[in-house]
Every structure is written in C-alpha cells, then in structure tokens.
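Data first, discussion second: the structure below is written as structure tokens.
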Amino acid sequence: MILPHILQRFSALLGPKGYTDAPEDIAPWLTDWRGRYHGNAAAILSPANTQEVAACIALAAEHGVALVPQGGNTSMVGGATPPLDGSALILSLRRMNAIRSISAEDNLAVCEAGVILSVLHEAAHDIGRRFPLSLGAKGSATVGGLVSTNAGGTQVLRHGTMRALVEGIEAVLPNGSIYDGLAALKKDNRGYDLKQLLIGAEGTIGIVTATSLRLVPAVADRAVGWIGVESPQDALALLRMLEAKLGHIVEGFEVIADDGLGHVLSHIPGARRPIETRTPWHVLIEVDLAEVEGPSAGERLEGALAEALEAGIAKDATIAASDAQAEAFWRIRESLSEAERAQGPALQYDVSVPVARMPAFMIEAAAAAEKAFPGTTASSFGHLGDGNVHFHVRAPKGTTDGPAWIAAEGATINAFVHDAVVASGGSISAEHGIGQMKRAELARLASPARLAALRAIKAAFDPKGIMNPGKLVPMPGDEP
Ligand code: FAD
C-alpha cells in the first residue's frame, strides 16, 4: 500500500488536472485490452509536461513508489496494467498530447508521448506527408506506447518498425533526470545508443516524453488488392514475384486464413467477402507511389497480378475500385483481432521466424497444435513478408469459461507453441513485446547471455526497481 501522505505529495505536485484517486476514474485503466490482466492502483498521475514527469519520478524514487507508464492501454501483453497488489501508481502520458512541431521540409514531426497515432496521421496528411506506421489500435495507441513497444504494424515491409522511424527521443530516466535526445542526427557515434535502448523497453528504464518521428511523402497514387491463394507457400511466392515486378513500392502484404476472414464476416458489421472464389488463404496487398509517372499503381498491380494468375500462384484477385473499397479491405485486416476476440476464448501468439521458414511454420505448427490439444483450432494471420504472424489457438467449441480454460491449458499450450517457434529459429515476441504475459517464457527460452544483459541494463538504469516492475525483464526465479 502507498501511504496517504505520499499520495498527498503527488496530488499537491500535479494539482486536480494531473492527479486522481477517484475509483471511477481509475477503473477503466486497470484491465488490459484483452481483458486478461487486472490490477489495482491508488491513483493515476497525469503530468502536463516533461518537467512534471521528472518531478513525479523524483518523488517516486524518493519514496520507492513503483510507476506503471500508460499510453492508450492497448498493449497485447498486459504491459500497461498495474500489479494486483496496488503497489504501483499509473503514470498516464495521455495529457501530454501536443505535436510540438511538424515540418514537410524536414520530414519530421516532434510529438509528445500522448499523441494518438491517428491524430499524427491526420497532421502529417495536412502537410502533404505521412507517418508510415499503422495498426488496428491507431485510434487509441499513443506515440509513447508505440516507441516503448517498438511497434510494427502493416507497413514494416517497406518502412521498418518504430526503430527505423524514431529519429530522436526525450525521456525522463528513473533518477528523475531529463535526457534530451530529440535532435534528429543522421550520424551520432557517442557510444551506446540511448534512443535505441529506450525503444522497445516497455517503460522499464525510463519514461518517453517526446519523440522526433520520420515522415515520408504522401501517397500520390495507390492500389489495394485482395488475392485468393492456396497456401502460405503460394503467398510468399506471390510476394517475391510482385517485389521482382514492382520493386520497392509494395507497402503492405498481409496474409489471412479463410477461417479468420469468416470470423470478421460473422462479427464485424458491414464486412463483406472481397472475392467470391473460396480459397484457404487470402492476401491483402497495397502498392503506393509517391509520384505519378508512367503507369498508375492500379495498372502496375493489375499487370503483375495477371502474371501471378497465369502462373497459378494466385487463384483469384481483385483490385479495389475506389478508396472506400480499399478501406473496406483494410478494415477486414484491422478487425481481425477484434473478430477473433468476439469469436471466443483463444490463446494468441505474436511470433516471428525467418521469412523463408514462415509458410511451413504456419501450416505445421497449426496442425501439430490441433493434434496435441484435441478440439482446439489453430490458425494465423499477419505480416508474412516480415516473417511475423499472429498465431491463435482457439479453445474447443462450446468452451464457455475462457479464463478457466486458459488457467488449465494455457501454460502447456504456450510452451508447445513457443518451443515450435524456437525450433524454427524464431522469436516469441515479434512486435507486441514481453509485458507480463511472456516474462516467464522469456526466462525459460532466452539464452543466459540475453537474460544477463537484460537484467544488467535494468539494474544499471533502475536500481530501485520503480519503473514498470514485473514487466519485460525476467525476475530471478522466473526460470523453471
Ligand atoms: P500502452 O498499451 O499504454 O503501453 C504499452 C507499453 O509501453 C507498456 O509497457 C507501457 O508501460 C509502456 N509505455 C507506454 N507509454 C510509455 C511512455 N511514454 N514511456 C515509457 N513507457 C511507456 N502492435 C504492433 O506492433 N503491431 C500491430 O499490428 C498491432 N496491432 C494491434 C491491434 C489492436 C486491435 C490492438 C488492441 C493492439 C495492437 N498492437 C499492435 C499492440 C499495441 O497497439 C501497441 O503495442 C501500441 O504500441 C501500444 O500503444 P499504447 O499507447 O496503447 O501503449
């Protein structure tokens, strides 16, 4: 429990706009997006600026109070959920939502941590630029959360993850000092790269307060296609063929199993099957041109797809006839997580393996999981071109008590799937992070060298252990 006189000091520091201990204000932020983790916190701290963040952290350090940073609370791994015992306060960055500057000339946006991704998209659009990272949670996910999870999304193939898009960072370190690294330097060899350490650190070594983000030219012309294929192998062959034909303009390439599409059609109002031919797998592709010169994006994609159909790699294909139709195709992809959640209890995995091995992994791991756990169904969707899919094992039909099923089977199924990932040379977290969900599995599967390095970095930055304790870094005793 955090003593009342300490809470009183936070309250006095932040004032009524920046401090709440009202249970009804706190309640919505105590559970993760998936509803898997529930926590408790005596108060939410909402600083208005970097200096207030620094003052909060200094006060927390003085009293040994743990802080759980939170942006949009869309973490898929319980990363922003406070511990159950009420030993931490939530540090919300949502109030720090200013775009400090945005420049088409510099191709740069300097955003505070609480800027919501879709707001940044609109601001970039208004100056003829775009921020080339998008994901299903774009209406809630914040820049600080995206940086802290090294988020990926649907454009990694062309533009990379947050690591490739963050040009500079401002952060408050666990001793309350402000690190001003916002300058977008192309070259900077002053030793360890603090920016890259903070990216993907899940709030365990500091609070990101602002970041300089790379913008790219707006899309002048685009084409979005939906293609039916027989297998993930054919999907990857299609990607390689299209890359060879179209060059560096393939922006997104997402693979969706037919059962996943079925769940979207069942649960998402207005969703419609893009092509009539029923194939076991589907590909959603977007090609983007920054300048209109020569054939249009649609003509280029059409030509390449005609060859893929001719070669038998694709079974059927359509190109969106309008922006509205293109958005409808993307809405299917972006609704998959929500539709899967509505479909019923499932265990979800965000995994990567080398791209060339991914098609075999998708088929073999699903078949093996279904055989090992009778009644379950397994399938995957996502970013095949990045070697990253979201792999789901759904509870047997008729399972009404999801939490009980997960409590009974979860650990065994987790180990089964993660062992398969490791056997294929992959990672148990491709883009969602470790949070609290995967900490024990990281402890079980990471090499001693990786574990020692993680723990040493955490201890060096946060010797008092006040920054998002229980997340990301395995604790002694987590190993089996
Ligand atoms: P939160 O959930 O609030 O926090 C995430 C983590 O970052 C926590 O550990 C938190 O403590 C820490 N944190 C938050 N803000 C800060 C800060 N300012 N400083 C330090 N630490 C901080 N992710 C992908 O990568 N690709 C996807 O395609 C994708 N699709 C998604 C689709 C849906 C429908 C949903 C719900 C989530 C999806 N995610 C995806 C996961 C999620 O959106 C991202 O992890 C996102 O980056 C989290 O942003 P947030 O603001 O909600 O952060």
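Roughly how big is segment 223-366's charge dipole about its Cα centre, with Cβ charges of +1 (Lys, Arg) and -1 (Asp, Glu), in debye to the nearest 20? Walk me through the numbers before you get to the answer.
Working: 11 positive and 24 negative charges, 79 e Å.
Around 380 debye, computed over segment 223-366.
I'd like the orientation of helix 4-18 relative to the chain: the angle between its Cα long axis and the longest Cα principal axis, in ° from 0 to 90, rounded to 10. Once rounded, one gets 50 degrees. Of all aspartates and glutamates in the structure, the ones whose alpha carbon falls short of 16 Å from that of K397, not counting any fewer than 8 places away in one chain, are D259, E340, E370, E409.
Can you work out the FRET efficiency for the pair E243 and E291, with r the C-beta to C-beta distance and R0 = 22 Å, to the nearest 0.05? My answer for the efficiency is 0.65. Work out the charge dipole of the chain with +1 on the Cβ of Lys and Arg and -1 on the Cβ of Asp and Glu about the Cα centre, then indicate which of L89, G139, V351 is farthest towards its positive end. Projecting each Cα onto the dipole axis, the largest value belongs to L89.
What ranking of M96, M437 comes out by heavy-atom accessible area, probe 1.4 Å, highest first?
Details: M96 0, M437 40 Å².
My answer, sorted largest first, is M437, M96.
Counting only protein heavy atoms and a probe of 1.4 Å, the accessible surface of segment 39-150 is 50% carbon and sulfur.
Across segment 401-412, rounded Karplus estimates of 3J(HN,Hα) from the backbone phi angles (6.51 cos²θ - 1.76 cosθ + 1.60, θ = phi - 60°) give 9, x, x, 5, 4, 5, 4, 7, 10, x, 5, 5 Hz, Gly and Pro being marked x.
Where does the chain land at 222 nm, in deg cm²/dmol rounded to the nearest 500, when only DSSP H runs of n ≥ 4 count, each adding -39500 (n - 2.57), divided by all residues?
After summing the helix terms and dividing by residue count, I get -11000 deg cm²/dmol.
Of all lysines in the structure, the ones whose alpha carbon falls short of 17 Å from that of K195, not counting any fewer than 8 places away in one chain, are K186, K187, K458. DSSP finds beta bridges in the chain, and of those with both partners inside it, around 90 percent are antiparallel.
Quick one: with all protein chains in place, what share of the accessible area of segment 309-381 is carbon or sulfur, to the nearest percent (1.4 Å probe)? Before the final figure, lay out each step's value.
Details: 1620 of 3200 Å².
Carbon with sulfur: 51 percent of the solvent-accessible area.
Among I102, T204, S429, pick out the residue whose Cα is farthest towards the positive end of the charge dipole of the chain, where Lys and Arg carry +1 and Asp and Glu carry -1 on C-beta, about the Cα centre. Most positive-ward Cα: T204. For segment 154-243, the fraction of 1.4 Å probe accessible surface lying on carbon and sulfur atoms is 50 percent. Entry comment: accessible area of segment 170-236 is 42 Å² per residue, from protein heavy atoms only and a probe of 1.4 Å. Take R357: with every protein chain present and a 1.4 Å probe, its accessible area is about 120 Å².
Given the convex hull over the Cα atoms of segment 242-355, what projected area results after averaging over all orientations, in nm²?
Values: hull surface 34.2 nm².
One quarter of the hull surface, i.e. the mean projection, equals 8.6 nm².
Taken over segment 324-480, the ratio of Cα radius of gyration to 2.2 N^0.38 Å equals 1.14.
Taking Rh as the Kirkwood radius, which is the inverse of the mean 1/r over Cα pairs, what is the Rg/Rh value for segment 434-479? Checking Rg against Rh, the ratio lands at 0.93.
The values are calculated or read from the model by the stated rules, or taken from the named source; none is laboratory data. Worth saying up front: this structure is predicted, and the values here are computed from it rather than measured. Cβ sites come from the backbone with ideal geometry, for glycine too, and all protein chains shown count toward neighbours. Areas reflect the complete protein model, heavy atoms only, side chains present, ligands, DNA and RNA absent. Shrake-Rupley method; radii C 1.70, N 1.55, O 1.52, S 1.80 Å.
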